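The values are calculated or read from the model by the stated rules, or taken from the named source; none is laboratory data. Only a predicted model underlies this, so the values are computations on that prediction, with no experimental measurement involved. Every residue, glycine as well, gets a Cβ built from its backbone with ideal geometry; the counts of neighbours run over all protein chains shown.
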Amino acid sequence: MDISFPVFQPESPEAQAIFDLFVAVLWISAGIFIIVTGLIVIALIRGRVRVDLPKQDFGSHRREILWMVGPIIIVLWIGVISMKLILTMNAYPKVHPPHDAPADAELIVIGHQWWWEVRYNHSGRVGANEIHIPVGKKIRVEVQSADVIHSFWVPQLGRKIDAIPGRNNFIWLEASRPGEYQGRCAEFCGNQHAWMNFTVYAHDPKEYAQWQHDENVTLASVTESAAEAGEKLFFSQTCVNCHTIDGTAATMTIGPNLTHIARRKEIGGGVLQNSPDNLRRWLKNPQAIKPGCKMPNFNLSDEQVQQLAAYLESLD
Amino acid sequence: MTTQAIESTAALETTLPRERLLPWVASVDHKQIGIMYMLLSVIFLIIGGLEATLIRIQLAIPNNTFLSPEMFNQLFTMHGTTMVFLVGMPLVTGFANYLIPLMIGAKDVAFPRLNAMSFWILAFGGVLLYFSFLTGSAPNAGWFSYAPLSTKPYSSLLGVDYWIIGLAVMGVGSIAGAINLITTILCLRAPGMSLQRVPLYVWIMLMQSLLVVLAIPPLNSALALLYIDRSLGAAFFEPARGGNAVLWQHFFWLFGHPEVYVFALPSFAVISEVIPVFSRKPIYGYAFVAGSSVAIVLLSYGVWAHHMFAVGLGPAAEIFFAAMTLLIAIPTGIKIFNWTATMWGGSIRLTTAMLFAIAFLIQFVIGGLTGVMFASVPVDWQLTDTYFVVAHFHYVLISCIVFAFFAAVYYWFPKMTGRMLSERLGKLQFWLWLIGFNGTFFVQHLLGLMGMPRRVYTYADLPGWGLLNAVSSASVVFMIAGTLVLLWNIIRSLQHGSPAGNNPWNAYTLEWATTSPPPPENFSSLPEIKSRRPLWDLDNPELADWKFSSTPEDTLSRPTKAKTFAWLFVVSEAIFFVLLLASYVIFNSQTDQQGPTATTALNVPRTAAFTVFLLASSATFWLAEQGLRAGSRIRFLTSLGVTIILGVIFLAGQAIEYKGLLANNITIDRNLFASTFFTVTSFHALHVFGGLVALSIFWIFGQQKILTPRWHAPVQAVGIYWHFVDVVWIVVFSIIYLGVL
Amino acid sequence: MLRAELWNLNSPVWIVAAVMMINYMLLFRPINVKRMLAILSAIALIVLVFISPVGVLADGYLFSAHMVQHLVLLLLVPLLILISLPSERFQRLRTSGILRGNATPIIGWICGIGAMWLWHIPSLCSAATESTGIGLLRDASLVAAGLAFWWPVFSPRQEQRLDPLAGIVYLFSACLGCTLLGVYITFTTISVCPAFTNPTDRINIVGHLYDLGLTPTVDQHLGGLLMWVPPCMLYLSVILFLLSRWYSTMDDRLSLLPQRPVQAGSQL
């Protein structure tokens, strides 16, 4: 079984720096623990065999103060190395007032109950629960919330930061190597806090260009008959009241953007893998899979589910 | 003496509950109330423990459907709330109630009836909180109830309302209890017991009670604001309408972090008694242990934002709060050193109490060290809100509240009942808990490092997650078994335990000078108190402490009870108002406010006139006090009457102001100015009203000529409160009406 | 920090320092080394906060630098001055009106906390930054208020010192007072001292400061935190000092007395 400790497997310079700090603090703590426990154990072993009245020692100011020196030095040292990191990791855009420069975040991530909206500032594209970034580039991410407080966390790539309504937070996102990095919501945000996962895909330059290209391809019009029926259903049912599909009449942003849903790996914030079967299960009754989620059970017939799924599958 | 003690215990046990119950319910004896606190705590420990067990069952395997997410969220919310407010608080208060009067050689606490009231209020608050289950929705926003999740749009059911009211009620009980204990310690010490000579338990509990008085008011203001948001439609925490989502966190943790020390200090107190006795030595460096507790109280007020490092407070605030947090590790480190040094060179008896004390010490060091990791902000950014933090605070809190207090139970049970607990069962319980606790919580550190967030109702089947969670869940069985062993031990020992005698452990402090259990008046005679260990002096006259380590003599001056009470109450209320006013300042310094503001809506000259009436009432009250002191009933009654009339006129002025505002359609939900204005002024008016009621009572007493000199102190106490209400109004008036700041 | 413009070596503060030094030497002879050190540190601090970059930046650039200056003048300098006063000399003095007034802790408390609050009312704070005259008045009033504040704790006249426990309450409430102000300055969205938001760039440094991240918002955060944490740390240290005074006659000294024979290994 390959157990992984993402906090201990940093894949970005920032996560690496935190990891190094953590390891240093961990060693110090281990040292202190061994010293204190050792002293207690020795005192116990020696104290258990002593039967006569021990010396009534009321303490010594000098020893107390000497003892304090060690902890004070350690605490100061931890403080200083933490401070250095706090300052270097600050992602808040530099503003030179009085001429306020606009915040130049490349990515905006918005927490919703219980999914993540991802906006690519330069292309204007919008995705959900998947973030695509090029390898080796430090990207400033603006983190917001649409409802309650969430927390954006990709353990292998660095710190977490809360997504707070009415407030814009910033964080650096960078990956040193191509790969898929699990991210989660870390702040309790209600019923389905458990299923608010997302994935960061770090691509090498070629792959990234390909992804950008695919992302900009306009959707082909639907040809298959089942999918066509599904499309009709999508626009006649309440689906359009919440979702967007680029290039169509569906433009609402309450639920996740579905433009390239067929390409996503997971649905429902990680509750299911994205497969035709699972998509049908989801459409049949989302409440059975993610109880309490904001998408109601529309009581669709099996045939309708089939058609809708076929349509969504065609959104590649 | 011993046989007598056994008889009384036997009587306590064998008579039927029906005849025995009423004296308990109606009791104002600090020992009985203390025991009731402990029983309440045990009942809720079982309930909170069951909730925890259900949580662990749900998490034992991945993708479990044993509990619905809704149910899970209710359970972890109630688990946290119960353990903090209904297990921790009553347990530490119960022991303090029982022990403090005995340790300082007093007959009872300063205000026995207030003591009973505090207990029943707390119990009532607990019932209120659990009543929410009957309404179909227990609170489910977490014990921290972060806004805006806890506001109406996101938690529309009644659960959160019960949570707010339950906590507010319990908070009142806790503050009253804490003030009572402080007053007891300051005013009722036996002759010879100078404050420098009180047992460390008493000194540390004095600090803890002070902390309760200082820390609960911020929670009450936060609860008031949240309740006004939820029920009256204000928007303190609703960003869409100008509110501030982070403000709740500031207020909550301003209470929440000192609360951690409210739990840690009592365990330090217990350990500082247990370790010296079982090492047959005095505590090493009394002044350092006592002084470091003072430092903890002061520092604990400045570290709250370390719960908020993920919020994005900005580097400056993060660095300062990190520094403060690291700093608070030092006084705690001093204590660890002193306890270790006390054991060093001692002659150690490994009784069950001592075992629990040592386990506390070592586990607390683990919890403390992970705490230092969180003080290093970047590490916190990775690990906060994961299972690592769950492991961290359970190491701290279970060490403090459970392990240290198991030590307390084994140590003081003989005093409370006259019977010894079985050491054999005790050691069995110790090992069961040691295995169960570490098995459950140590692996949670690893889960945190694997990236498991806290408060999730289930998780995907990732490698290792299922296994570690299963280990964590399975270990709970040991803790349950250990608890059952303790209960069995208590029941068995009450009947068959060997008689304890007055001082089974050869302990040093005054509670061991009386019978076990102590008689209702506590002591028939007190030994001479010339040092911190009066019983040691008695047993070892040639090695008496006062010969080797002299302590400042008792000056025999004690503050008056009523005034001490009044000052403490005023301090607590002042903090409550300061936070309400802070919210006023925060929301009204925003320049982009829509709708009415202080300058457009308020009539300053008219209110200034009514302010004069209120301030004049302070002067007339002073005259009333002078009249009372001079023994002139007429002067007292006239001045008091005028005071009451002036107060009523002020309230009438407030009513006119409110009427005008409402006529202009300025209601509490109109905008943040209106919300903050009505909140601050109506809470002030409520206090004026309360003061008027108290004044009227004295006026009626005066009419009936039962105003004897013993009423001087209460009148003075009410006077302190009345002047305080006026001072608050001066501040309110300058900030709201005159726009200072 | 080494750039010449950041130092104001020609400041008139040297004159104040010289006057203080001469007066002290004349008034309080014979000289005691400890007290001499205290007064020298006090004078050195006064000089430093005016000639060093702290002083230069406090002059219209950085609110946080101003705050450092403010705190040194209000808290550290008066404390050191009081320590430097020989108690024998004051013991012999007849209680004059001013001294008696200072002895009332309430007045000292109001002076100390009042000086903090008063000079951070936006209009006053800006005025003191922009006008040299008001600035001087402020600096002088800070030292005076500081002397009044510390008087009940470190008065050279023993009988005017507060009982240690009362002293603890005195300082703890003072700590709450400056905490409140610090929290307010840190978290408020308005500018507490508008003079610092738009500095006239005399020495061409504003760009560097902003690049260091010291924008007006961050600067005010920092100032608020300075107002809050260091004074409280100072009060806390003094509280601990008072506690040790309160516990004084004990522990250490007496445990060294001969006792019953002690067996080996029982000593730490």
Q.
Of everything in the stretch C:192-214, what is crowded, with 19+ Cβ neighbours inside 10 Å, within 13 Å of another protein chain (Cβ to nearest Cβ) and either touching a strand residue (DSSP E or B) at 6+ places or on another chain (Cβ under 8 Å) or not in a helix (DSSP H, G or I) (or both)? Give them in sequence order.
A. C:VAL192, C:LEU214
Q.
Test of understanding: among B:THR342, B:THR351, which residue is surrounded by 23 or more Cβ atoms within 10 Å (Cβ to Cβ) and either more than 7 Å from every other protein chain (Cβ to nearest Cβ) or of a type outside the set (Asp, Glu) (or both)?
A. B:THR342
Q.
For the stretch B:431-464, give me the residue count where each residue is facing another protein chain (nearest Cβ under 9 Å) and outside any loop (DSSP other than H, G, I, E, B).
A. 4
Q.
Suppose we filter B:THR555, B:THR564 for residues that are of a type in the set (S, T, N, Q), assigned to a helix (DSSP H, G or I), touching a residue at least 60 places away in the same chain (Cβ under 8 Å) and away from chain A (no Cβ under 14 Å); which single one remains?
A. B:THR564
Q. So which residues in the stretch C:53-77 are part of a loop (DSSP other than H, G, I, E, B), over 17 Å from C:GLY182 (Cβ atoms) and touching a Gly at 6+ places or on another chain (Cβ under 9 Å)?
A. C:ASP59
Q: Would you check if there is a residue in the stretch A:172-186 being in contact with a Lys or Arg (Cβ under 7 Å, 6 or more places away or on another chain) and surrounded by fewer than 18 Cβ atoms within 10 Å (Cβ to Cβ)?
A: no
Q: Say whether the condition of being part of a helix (DSSP H, G or I) and either at the interface with chain B (Cβ under 7 Å from one of its Cβ atoms) or closer than 30 Å to B:PHE374 by Cβ (or both) is met by at least one residue in the stretch A:51-63.
A: yes
Q) Can you pull out the residues in the stretch C:32-80 that are of a type in the set (D, E, K, R) and within 28 Å of C:SER191 (Cα to Cα)? A) C:ASP59
(Q) Out of everything in the stretch C:154-191 that is over 23 Å from C:VAL77 (Cα atoms), among the β-branched types (Val, Ile, Thr) and free of Cβ contacts under 8 Å to residues at least 40 places away in the same chain, what residue ends up being surrounded by the most Cβ atoms within 10 Å (Cβ to Cβ)? (A) C:THR188
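Per-residue answers, yes or no, for (1) of a type in the set (S, T, N, Q); (2) more than 22 Å from B:LEU91 (Cα to Cα):
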{"residue": "B:THR135", "(1), (2)": "yes, yes"}
{"residue": "B:ALA138", "(1), (2)": "no, yes"}
{"residue": "B:ILE179", "(1), (2)": "no, no"}
{"residue": "B:THR183", "(1), (2)": "yes, no"}
{"residue": "B:TYR201", "(1), (2)": "no, no"}
**Q.** When residues of the stretch B:592-617 are limited to those that are among the small types (Gly, Ala, Ser) and modelled with pLDDT of 90 or more, the one farthest from B:VAL727 (Cα to Cα)
**A.** B:ALA609
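Quickly run through the stretch B:693-741 and pick out the residues that are without any contact (Cβ under 8 Å) to a residue 12 or more places away in the chain, part of a helix (DSSP H, G or I) and not polar (S, T, N, Q).
Taking the stretch B:693-741 and keeping what is without any contact (Cβ under 8 Å) to a residue 12 or more places away in the chain, we get B:693, B:697, B:700-701, B:704, B:706, B:708-710, B:727, B:734, B:740.
From what's left, part of a helix (DSSP H, G or I): B:693, B:697, B:700-701, B:709-710, B:727, B:734.
Correct list: B:VAL693, B:ILE697, B:ILE700, B:PHE701, B:PRO709, B:ARG710, B:VAL727.
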Q.
Checking B:SER472 against (1) under 31 Å from the mean Cα position of the chain (by Cα); (2) over 26 Å from B:MET373 (Cα atoms), only one condition comes out false. Which one?
A. (2)
Q) Just to be sure, is A:ILE28 part of a helix (DSSP H, G or I), surrounded by 15 or more Cβ atoms within 10 Å (Cβ to Cβ) and either facing chain B (nearest Cβ under 7 Å) or aliphatic (A, V, I, L, M) (or both)? A) yes
Q) Do the conditions hold for A:GLN237, that is, is it touching a strand residue (DSSP E or B) at 6+ places or on another chain (Cβ under 9 Å), surrounded by 12 or more Cβ atoms within 10 Å (Cβ to Cβ) and polar (S, T, N, Q)? A) no
Q) Which of the residues spanning the stretch B:623-675 are farther than 30 Å from B:PRO239 by Cα and in contact with an Asp or Glu (Cβ under 9 Å, 6 or more places away or on another chain)? A) B:PHE636, B:SER639
Q: Of the numbered conditions (1) under 21 Å from B:PHE442 (Cα atoms); (2) within 10 Å of another protein chain (Cβ to nearest Cβ); (3) crowded, with 24+ Cβ neighbours inside 10 Å, B:ALA391 fails exactly one; give the number of that condition.
A: (2)
Q. Would you say B:THR676 is β-branched (Val, Ile, Thr), surrounded by 21 or more Cβ atoms within 10 Å (Cβ to Cβ) and assigned to a helix (DSSP H, G or I)?
A. yes
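Of the residues C:LEU142, C:LEU118, C:LEU147, which is modelled with pLDDT of 85 or more and over 20 Å from C:VAL229 (Cα atoms)? Lay out the reasoning, then the answer.
Details: C:LEU142 fails: over 20 Å from C:VAL229 (Cα atoms); C:LEU118 fails: over 20 Å from C:VAL229 (Cα atoms).
That would be C:LEU147, the only listed residue that is modelled with pLDDT of 85 or more and over 20 Å from C:VAL229 (Cα atoms).
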Q. Just to be sure, is C:ASP219 among the acidic types (Asp, Glu), part of a loop (DSSP other than H, G, I, E, B) and more than 8 Å from chain B (Cβ to nearest Cβ)?
A. no
Q: Give just the number: which of (1) part of a helix (DSSP H, G or I); (2) away from chain A (no Cβ under 13 Å); (3) crowded, with 23+ Cβ neighbours inside 10 Å does B:GLU318 not satisfy?
A: (2)
